[in-house]
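K.L.:
Have a look at this one before I ask anything.
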Ligand SMILES: [Fe+2]
Ligand SMILES: [Fe+2]
């Protein structure tokens, strides 16, 4: 079946075009010089992987609970509107919610692919162009893996409105650092926290491994954003930095709302207002929404956009406590967990080979 036929919302468009108006910058000095960025580029090259070899795509998903997630992964689990449904209807909602969430990963990855390609063109220095080119390949692979995984769900969803709004804003902006800020810092920082939940909770090995391997790459992407922007922002005027801070706060609110899944409840014929009200009142959901910012907040502090506006915004969102999270330790952990998935696969393969 063609992928477009999997969309659970009737009339989902087959494409989206965002007009662009920015300068493609040629650097004729050919003088890459920042050693930290160059070593990240080296890592970007040596850590490439092939999704067809590294993952076992013969594994199937359980139609009743595709990623084998714990019940509480469904945000409306305790909502009266869900409890009233038959077990069969509840199962359908679980499957669709997991497909919706994985669809947002897929749609966001295509956004990242396009943003990374935009950075290659726009960014002035050559070391950043070098690194961003490896990110383009990474993002293509991420689109590939989530598409393959989603095909196994048998249903898919279009990009949710808040994500689309932020992506459009980032793509239309003519300043190169805004692409980094929106994509590398906010969208990818938040995606890392969302991927981690699946990696750490899914009992289905394929779903868990896809997220572990994508995270291994994403951790580098966030590091790239940090390294590039940390050198750039001290040179801007206070007014220019204030504008970025304003953008950051608004972008974070948009990203928080992207988990409301409004269109999903609507497509499933559930009372949307009741579902959203439940999401906003649920303690578990509030804790999840907070955790989404674990990686964004310390990164924003690290790149020096830590003025009054940002701090107040994060305080209101209740996420200021993440300011001192050790980002490097998290990145090291993401790489270690990905290697553990490799070890497990090798062990299983060797056991099967020995038994044959
Ligand atoms: Fe990605
Ligand atoms: Fe990425």
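FYI, it's all coordinate maths here, none of it is from the lab. Computed from a predicted structure; not experimentally measured. Ideal geometry is used to build each Cβ from the backbone, glycine not excepted, and the neighbour counts take in all protein chains shown.
K.L.:
Given 157, 180, which one is away from ligand 2 (no atom under 16 Å from the Cβ) and either buried (at least 21 other Cβ atoms within 10 Å of the Cβ) or closer than 18 Å to residue 15 by Cα (or both)?
P.N.:
Selected residue: 157, the only one of 157, 180 that is away from ligand 2 (no atom under 16 Å from the Cβ) and either buried (at least 21 other Cβ atoms within 10 Å of the Cβ) or closer than 18 Å to residue 15 by Cα (or both).
K.L.:
So how many residues does region 320-356 have that are crowded, with 18+ Cβ neighbours inside 10 Å and without any contact (Cβ under 8 Å) to a residue 60 or more places away in the chain?
P.N.:
So the answer is 1.
K.L.:
List pairs: first residue in region 177-196 and free of Cβ contacts under 8 Å to residues at least 12 places away in the same chain and within 15 Å of residue 334 (Cβ to Cβ), second residue part of a helix (DSSP H, G or I) and more than 10 Å from ligand 1 (Cβ to nearest atom) anywhere in the structure, Cβ distance under 7 angstrom, at least six positions apart or on different chains.
P.N.:
Within 7 Å, no pair qualifies.
K.L.:
Would you pick out the residues in region 1-59 that are more than 30 Å from residue 228 (Cα to Cα) and in a helix (DSSP H, G or I)?
P.N.:
3, 4, 5, 6, 52, 53, 54
K.L.:
Right, here's the next one. Which of the residues spanning region 94-124 are more than 16 Å from ligand 1 (Cβ to nearest atom) and surrounded by fewer than 19 Cβ atoms within 10 Å (Cβ to Cβ)? Explain how you work it out, then say what you get.
P.N.:
Residues of region 94-124 that are more than 16 Å from ligand 1 (Cβ to nearest atom), as a first pass: 94-100, 121-124.
121, 124, listed by residue number.
K.L.:
May I pose another question? Kindly indicate whether residue 86 is away from ligand 2 (no atom under 16 Å from the Cβ) and in contact with a strand residue (DSSP E or B) (Cβ under 6 Å, 6 or more places away or on another chain).
P.N.:
Values: away from ligand 2 (no atom under 16 Å from the Cβ): yes; in contact with a strand residue (DSSP E or B) (Cβ under 6 Å, 6 or more places away or on another chain): no.
Spelling it out, it is not the case that residue 86 is away from ligand 2 (no atom under 16 Å from the Cβ) and in contact with a strand residue (DSSP E or B) (Cβ under 6 Å, 6 or more places away or on another chain).
K.L.:
Can you find a residue that is touching a residue at least 40 places away in the same chain (Cβ under 8 Å) and closer than 19 Å to residue 195 by Cα anywhere in region 114-125? Walk me through how you get there before you give the answer.
P.N.:
Keep residues of region 114-125 that are touching a residue at least 40 places away in the same chain (Cβ under 8 Å), which gives 114-116, 118-119, 121-125.
Those still in the list that are closer than 19 Å to residue 195 by Cα too: none.
No, because not a single residue in region 114-125 is touching a residue at least 40 places away in the same chain (Cβ under 8 Å) and closer than 19 Å to residue 195 by Cα.
K.L.:
Just give me the residues in region 197-225 being under 13 Å from residue 184 (Cα atoms) and more than 16 Å from ligand 1 (Cβ to nearest atom), in sequence order.
P.N.:
Listed by number, the list is empty, since nothing qualifies.
K.L.:
Please verify whether residue 206 is surrounded by 18 or more Cβ atoms within 10 Å (Cβ to Cβ), more than 14 Å from residue 142 (Cβ to Cβ) and within 16 Å of ligand 2 (Cβ to nearest atom), treating the condition exactly as stated.
P.N.:
Answer is no for this residue.
K.L.:
If you don't mind, there's one more thing I want to ask. Output the qualifying pairs, or none if there are none: Cβ atoms under 9 angstrom, residues six or more apart or on different chains, first residue in region 218-239 and more than 28 Å from residue 194 (Cα to Cα), second residue within 16 Å of ligand 1 (Cβ to nearest atom).
P.N.:
Once the first residue is more than 28 Å from residue 194 (Cα to Cα) and sits in region 218-239, its partners that are within 16 Å of ligand 1 (Cβ to nearest atom) give 232/180.
K.L.:
Checking the condition in a helix (DSSP H, G or I), within 24 Å of the chain's Cα centre (by Cα) and within 16 Å of ligand 2 (Cβ to nearest atom), which residue from 121, 104 passes?
P.N.:
Working: 121 fails: within 16 Å of ligand 2 (Cβ to nearest atom).
Unique residue meeting the criteria: 104.
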